[in-house]
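A short write-up of the structure that comes next.
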Amino acid sequence: MELWLLFSSSFISATILPGGSEALLAALVVKTPMDIATFVWIATLGNVLGAATTFGLGALAHRRRTQLELKYKKAIVWCQKYGCWSLLLSWLPVVGDALCFCAGWLRLPIALSMLLIFVGKLLRYYLVAWLALGVFG
C-alpha cells in the first residue's frame, strides 16, 4: 500500500496537478531505511511517468501555439536554447512541469528527453532520501 501511495504521489507531482512526493519518500526512508533503493525507484518511476504524461499533453497541445507561447514563454526559451538538456531540471517545482510540457510541445526527441528526465528525477529522489536519513535517521 505504501508503494502505491508513493507511486501515485510521485506521478501526480510530475503532472500539472499540484503535489509533493518528497515528504512521503523521506518518511518511508526514515521508517524503513533498508528499502531506500526500492522507495527511490518507485518514486522515480512514478515521477518519470507523470512527466511523460505532461510531455504528451504538450505534444497534443501543439495546435494552440499562440496561447501557449505566452503562458510558457520562459520554459520555451530554455527548451529552445538548451534542448533536451534543459530536462535535467525537470525535477524543479513548477518550472519542471513547464519544461516537460514545452519539450513535448516543441517535439523534442522523446527518447533523450525521457532519459534526461529520468536522470534528473532519480538524482533528486536519492538526494531527498540521503538527506532524510542524515537529518531524521
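Rule-based calculations on the coordinates, nothing more; no lab input. Just so we're clear, the structure is a prediction, and the values are computed from it rather than from any experiment. Glycine gets a Cβ as well: all are built from the backbone with ideal geometry, and neighbour counts include every protein chain shown.
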Checklist entry - Listed highest first by mean packing, meaning other Cβ atoms within 10 Å per residue, what order do 37-49, 108-120 come in? => result 37-49, 108-120
Checklist entry - Nearest 0.05, what FRET efficiency do ALA37 and LEU57 give at R0 = 30 Å with Cβ-Cβ as r? => result 0.50
Checklist entry - Relative to the longest principal Cα axis of the chain, at what angle does helix 36-60 sit, 0 to 90 degrees, rounded to 10? => result 10
Checklist outcome for this item: The lysines whose Cα lies under 25 Å from the Cα of LYS71, excluding any fewer than 8 residues away in the same chain, are LYS81, LYS121
Checklist entry - When the chain is treated as a GNM, springs tying every alpha-carbon pair under 10 Å, which of TRP91, TRP78, TRP105 comes out with the largest mean-square fluctuation? => result TRP78
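Averaging over all projection directions, find the projected area of the Cα convex hull of region 2-136 and quote it in nm² with one decimal place. Please report the intermediate quantities before stating the final value.
Numbers: hull surface 30.4 nm².
For region 2-136, the mean projected area of the Cα convex hull comes to 7.6 nm².
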Item to check | Distance in nm between pseudo-label sites at LEU127 and TRP85 (7 Å out along the Cβ direction from Cα) | outcome: 1.8
Next on the checklist: Give me the extension gain from LEU112 to GLU2: residue separation times 0.36 nm, minus the current Cα-Cα distance, reported in nm with one decimal.
Outcome noted: 36.5 nm
Next on the checklist: Between GLY83, GLY50, GLY104, where does the largest GNM mean-square fluctuation fall for the chain, given springs only between Cα atoms within less than 10 Å?
Outcome noted: GLY83
